[in-house]
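Data first, discussion second: the structure below is written as structure tokens.
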Amino acid sequence: MSQVRVRFAPSPTGFFHIGSARTALFNWLYARHTGGAFVLRIEDTDTERNTPEALQALLDGMRWLGLDWDEGPEVGGDYGPYFQSERQAIYEEYLAKLTAAGRTYEKDGAVYFKLIGERYTEFDKYKNAELEKVRTEPVVVEDAIRGRVERAVEQDFVIRRSNGDFGFHFVNVVDDICMAITHVIRGEDHLSNTARHVELYRAFGVTPPVFAHIPLILKSDGKGKMSKRESGALIEEYVSRHFLAQAVRNYLCLLGWNPKDDSEVMPIAEIIERFDFPGINKDGARFDEQKLAHINTEYLRALPIETFTHLAAPVLVSAGLIDESTDEDYLQSVLALCQPKARDLASMPELVATFFSDTVEVDAAARERVYKKGDPAARLGELLPALEALDDWSEAGLEATFGQVAETNGQKPTAYFPITRLAVSGQGGGVPLFGLLAVLGKEKVLSRAKAHGA
Ligand code: GLU
């Protein structure tokens, strides 16, 4: 078979909905899987909504997700122009072909595509009018995902509106023909258009591409389609919430595609290798924000510390916790300690705040829990002189010191942990205690411990 050519054909509206992103992604995956070409075509015939800003939002979103296109805006290619608004001459030419073949007629200023078949009229109770219908040979599509789909087109349809604009079905098919598209991978909501498209292909004498209609994305409760108003529906939200693009992309791969072995977090190279039509589900894919958050956490924790620092630092700067004067080694050791506990980048300031503030804000609930048991003040009193005398201020040195103090006083080392953590960080939990003390440094630990309860 000749080279696979797939396309993503959005009508930019200013937002990049996850449904569109997933359609783009599946086309991209299929192109990369087969070594084919991924074409980006902008269906910008609606001049009011398709502004330059809307296009920019789309291109930014695609680039953020790492979905590079081989042909299209800003990249060029042999099958351009890639904006429908620049393809008028081509549409005129194709319209002339249909007209020459006797397959068009004009009515009330609009141009209709004429079906072949026996004509009859039927009363339509919704429109309250007699409609002309056509008994056509049903269109059979062997959809690569849904299997055999049979549908008949019963009415001639408009291919050019009375204002001169060409209609969606016509331009979509003409472009797919001109751009030599071999596979049309698009949302299931377009399935109802496919029979009309196939009728147009027949009229042009062109073999239709393979169709692959991918399942809709459903709301998390499974009730209805994920609309753009739903929380988590727009790629822009993930960008502003500092999600990792690779994690979002990994999650979107799983929205309707199933690797069949419960794998979730996978390198993109592996997904590309395994991705194919048989793995795409027929049923709607439920959006699961928690799963996405979980995958994001896994990616975050697996990052090399340099990358993690590079991504976390700007978030900490915005939160006012660090600035250019912050010691880089100190920042790096704080982040290395906190990375395994990180949930997402947006919550990093909360996790590391204690390392960059001069005061300790004691959490009241944590304090109550700590003071409910034993005699924490006495334990802190026993510990302080030993910490003051400690030279080897490392995790190992600290652990040994806690052990000695506990032994001397007939306590378990754990009797010293909650009060130390509370005194030093104000919290009841967080990063491992010895790491916290080691990174924070002797001076800060001692001054905080002495100030506690003073
Ligand atoms: N512009 C159409 C859309 O955004 C393209 C449909 C198709 O992929 O054929 O839904």
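The values are calculated or read from the model by the stated rules, or taken from the named source; none is laboratory data. Fair warning: this is a prediction, and the values are worked out from it, not measured in the lab. Note that each Cβ is placed from the backbone with ideal geometry, even for glycine, and that neighbours are counted across all protein chains shown.
Could you tell me how many of the residues in the stretch 188-227 are acidic (Asp, Glu) and surrounded by 16 or more Cβ atoms within 10 Å (Cβ to Cβ)? The number of residues fulfilling the criteria is 2. Put simply, of Arg41, Arg87, Arg5 the only residue that is under 23 Å from the mean Cα position of the chain (by Cα) and among the basic types (Lys, Arg) is Arg41. Pull up the stretch 184-198, narrow it to residues that are closer than 22 Å to Phe83 by Cβ and within 28 Å of the chain's Cα centre (by Cα), then point me to the one that is nearest to the ligand (Cβ to nearest atom). Taking the candidates together, the pick is Arg186.
Residue count for the stretch 211-242 satisfying the condition of being out of contact with any Phe, Trp or Tyr (no Cβ under 9 Å at 6 or more places or on another chain), of a type outside the set (D, E, K, R) and in contact (Cβ under 8 Å) with a residue 24 or more places away in the chain: 7. Within the stretch 1-48, if we keep just the residues that are away from the ligand (no atom under 13 Å from the Cβ) and of a type in the set (Val, Ile, Thr), the residue that is surrounded by the fewest Cβ atoms within 10 Å (Cβ to Cβ) turns out to be Thr47.
Evaluation of Lys373 against the conditions (1) assigned to a loop (DSSP other than H, G, I, E, B); (2) in contact with a Lys or Arg (Cβ under 9 Å, 6 or more places away or on another chain) shows that the sole unmet condition is (2). Among the listed residues Arg22, Arg49, Arg5, which satisfies the condition of being in contact with a Leu (Cβ under 7 Å, 6 or more places away or on another chain) and not hydrophobic (A, V, I, L, M, F, W, C)? Sole residue among the options that is in contact with a Leu (Cβ under 7 Å, 6 or more places away or on another chain) and not hydrophobic (A, V, I, L, M, F, W, C): Arg22. Residues that are farther than 27 Å from Ala31 by Cβ, hydrophobic (A, V, I, L, M, F, W, C), in contact (Cβ under 8 Å) with a residue 40 or more places away in the chain and more than 16 Å from the ligand (Cβ to nearest atom): does the stretch 145-154 have at least one? Yes, the stretch 145-154 has at least one match. For the stretch 50-84, the set of residues classified as of a type in the set (S, T, N, Q), outside any loop (DSSP other than H, G, I, E, B) and modelled with pLDDT under 95 consists of Gln56 only.
Considering only residues in the stretch 199-209 that are more than 13 Å from the ligand (Cβ to nearest atom) and touching a strand residue (DSSP E or B) at 6+ places or on another chain (Cβ under 8 Å), the one that is nearest to Asn281 (Cα to Cα) turns out to be Glu199. Hey, among Pro349, Pro340, Pro314, Pro304, which residue is touching a Leu at 6+ places or on another chain (Cβ under 6 Å) and either of a type in the set (Phe, Trp, Tyr) or on the phi < 0 side of the Ramachandran plot (or both)? Exactly one of Pro349, Pro340, Pro314, Pro304 is touching a Leu at 6+ places or on another chain (Cβ under 6 Å) and either of a type in the set (Phe, Trp, Tyr) or on the phi < 0 side of the Ramachandran plot (or both), namely Pro349. Residues of the stretch 284-297 that are touching a residue at least 12 places away in the same chain (Cβ under 8 Å), farther than 10 Å from Leu244 by Cβ and either among the small types (Gly, Ala, Ser) or part of a helix (DSSP H, G or I) (or both): Gly284, Ala285, Glu289, Lys291, Leu292, Ala293. Residue count for the stretch 394-431 under the criterion of being part of a loop (DSSP other than H, G, I, E, B) and either among the hydroxyl-bearing types (Ser, Thr, Tyr) or surrounded by 13 or more Cβ atoms within 10 Å (Cβ to Cβ) (or both): the result is 8.
Residues of the stretch 313-333 that are part of a helix (DSSP H, G or I) and within 29 Å of the chain's Cα centre (by Cα): Ala313, Pro314, Val315, Leu316, Val317, Ser318, Gln332. Contact annotation: residue pairs with Cβ atoms under 7 Å, 6 or more positions apart or on different chains, pairing a residue in the stretch 107-128 that is farther than 20 Å from Ala152 by Cα with a partner that is surrounded by 11 or more Cβ atoms within 10 Å (Cβ to Cβ) and among the polar types (S, T, N, Q), are Asp108/Ser162; Gly109/Ser162; Ala110/Ser162; Val111/Thr104.
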